[in-house]
1. Which whole-Hz ³J(HN,Hα) couplings does the range 309-324 yield from phi under the Karplus relation 6.51 cos²θ - 1.76 cosθ + 1.60, θ = phi - 60°, glycine and proline marked x?
2. Can you compute the radius of gyration and Dmax for the range 475-600, using only the Cα atoms, both in Å?
3. Give, as a single signed number, the net charge of other residues whose beta carbon lies under 12 Å from the beta carbon of Ala391, with Lys and Arg counted +1 and Asp and Glu -1.
4. Compute the angle between helix 87-100 and the longest alpha-carbon principal axis of the chain, please, reported from 0 to 90 degrees and rounded to the nearest 10.
5. Shape verdict for the range 248-396, please, from the Cα gyration tensor: rounded (a/c under 1.5), prolate (a/b greater than b/c) or oblate.
6. At a threshold of 8 angstrom on Cα-Cα distance, excluding pairs fewer than six apart, so keeping six or more, what relative contact order does the range 451-498 reach in percent?
7. Using a 10 Å cut-off on Cβ atoms, rank the peptides 584-595, 425-436 from the highest mean neighbour count down.
8. Can you give the FRET efficiency to the nearest 0.05 for His572 and Leu244, using r as the Cβ-Cβ distance and R₀ = 41 Å?
Amino acid sequence: MRRLLWGALRALPGLPTGRQRPGSAGGLSGAPAAMERAVVRCIPAEPKLSVSFVLGDGSARHMQRDQAEPLGRALARIANNAGKGPAKAAKKSKKARAESGAAPPPPPLPAVCLFAQDGQAVAEDVPNAEAWQDGAVLQIGEARYRVERNPPALTELQLPRSLLAGFPVCPKLSTEFGSPADCLFRWYQEQKAEPAGGGGAAAAGPSAASGWVEAPGGTERVFTPSNAHIGLRLKLVCTPGNRLRRYGLEREAESGGPVEAGPGACTFDARHLYTKKVTGPGLIRTVTYNILADIYAQTELSRTVLYPYCAPYSLELDYRQNLLKKELAGYSADILCLQEVDRSVFKDSLGPALDAFGLEGLMKLKEKQHEGLATFYRRDKFGLLSQHDIALNQALLEDPLHKELRDQLAPYPQLQEKVQQRSSVLQVSVLQSTSDPSRKICVANTHLYWHPKGGNIRLIQAAVALSHIKHITHDVYPATPIIFCGDFNSTPSTGMYSFVSNGSIAEDHEDWGSDGEEKPCRISLTHPLRLKSACGEPAYTNYVGGFHGCLDYIFTDANALEVEQVIPLPSHEEVTTHQALPSVSHPSDHIALICDLKWK
Ligand code: 4LC
């Protein structure tokens, strides 16, 4: 038995399983394969290195050895291991031996040697970390393996759980010694067994597949299945690469389920007609959007009270993620400010998807919560200079910048306490144009307290946010234009909106008493920024069964930025086709604001 295995090992060059083409019977083709690869992963931060290769019988070997261990010991281990054949077979033969009682003579172990690039055998006392160099050759018996040290590798490759026809499928992928942008992709679709001829009973069940065939046009990182794919599963084969076009061992991922029919028209289809292309170098397309956190969408309150008109399946995360990725990709944004981003959505879904569409993402979680803000910027237009994120309550409590406001609030401990209890955050990113490094912008993103009677709290939150933004754009990066986006939970008739747009709020404004407490706070606030709502005051940006109103804004620096174009919002008919939002054709209860800004 063991002799047989070792014979097979010597006779067959074998293909690493990772390199087999789907549908091919790897290793059995007549043509001689290129020298096999032994992949060595060795990084200074870890005490061990790993050596991986595939034996002639197709079984993979992965070993971890101490970096400092002499090579001789690692080679002896490889000889031992290779001689044994697959682990299961070894156990079985041991058991069979025990039963028969006869002890056959042990087969000779293969000779194992490592040759350096110059053809010389590497001495057995050389430590592993030094011995296993790129281009060395590992010989096991008569099989030879080219050593590849730290080639590009996939550490993660995953397809989303739900696939919809007409919606982009963006794999989650992570690389080491490479980058997702330099990987190679090949998409496959399930090949359904043809129904048996002659009208006999259906032999194959609904999911019986006879194999995988290449999906037409499927060589990009993102694949959008068509109606022809409905009922079929997809598979992605990915070869990790780096900028120098060096490639590592490929990996594959299959979809859990088949492609399903998508919804008909969506609320963003008409908007995409305006935003197909990325804007030219002088323009900045800016989007703000509260995407409705999954942790809120799937609560009892949401299903039964807030969005009872919405089909439960369209409140599910996977469904909404499909819509969101298509919607956001189609806006071709340069700057994208999102609110209510679940940590896991950023990490596993939107982050990877938007990365594939050229956007780099930054996340700021709320204190002790699993959702927060995300700011994305187009990588080839902007670089990140610095981040200045804050929690509004903590900044108000501690930062010397807000001492005056703290003093003004001192007579109102109840209001102070309420502001302290809110977890709202402000995300501030300073970006630099890649085409003109003298151009910088400060992108701020926030989500203010949500309660209809919380106007006084939102005024304080806005004051903290504006002081912080003023500090960054006046003191840290003097004369930097501002784009301040967010869900401000404030309609155009509120004190918060007039404070931001007019630069002041009077002490007798009715919003100071908005919570109905006995002693309304009486303070006046000012700020020196010239901010205007770039998309104006649409009738609503939030449309649910019980309320609609304009709560979201893109405030821009009137001194430095001009509004070139505002992308029209979906029509009232589109918004109300399924009563209100969210719906099967719209993933959130908010509507994205989109405008093209121009440097003045
Ligand atoms: C939510 C809501 C709040 C904007 N808004 C008004 N009432 C609301 C009630 C609920 C938003 C409202 O969806 N959330 C509670 O936490 C979340 C979520 C976060 O944003 C949640 C948790 C569990 C389940 C569901 C959701 C509202 C109505 N009229 C207004 C006028 C103004 C501001 C707000 C409102 C003004 N100006």
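Please treat every number below as a calculation from the coordinates, not as lab data. Treat the numbers as computed from the prediction; the structure is a model and nothing was measured. Cβ placement follows ideal geometry from the backbone for every residue including glycine, while neighbour counts extend to all protein chains displayed.
1. With coefficients 6.51, -1.76 and 1.60, one gets 7, 9, 4, x, 5, 7, 8, 6, 4, 4, 5, 5, 5, 4, 5, 4 Hz.
2. According to the Cα coordinates of the range 475-600, Rg and Dmax are 16.9, 49 Å.
3. Working: positive: Lys364, Lys366, Lys368, Arg422; negative: Glu367, Asp389, Glu398, Asp399.
Combined, the nearby Lys, Arg, Asp and Glu give 0.
4. 40
5. Values: a/c = 1.41, a/b = 1.10, b/c = 1.28.
Rounded is the answer for the range 248-396, as its axis ratio a/c remains below 1.5.
6. On the way: 21 pairs, mean separation 22.5, N = 48.
About 47 percent, as a whole number.
7. Numbers: 584-595: 24.5, 425-436: 20.2.
Peptide ranking by packing, descending: 584-595, 425-436.
8. On the way: r = 54 Å, r/R0 = 1.31.
Efficiency, from the Cβ-Cβ distance: 0.15.
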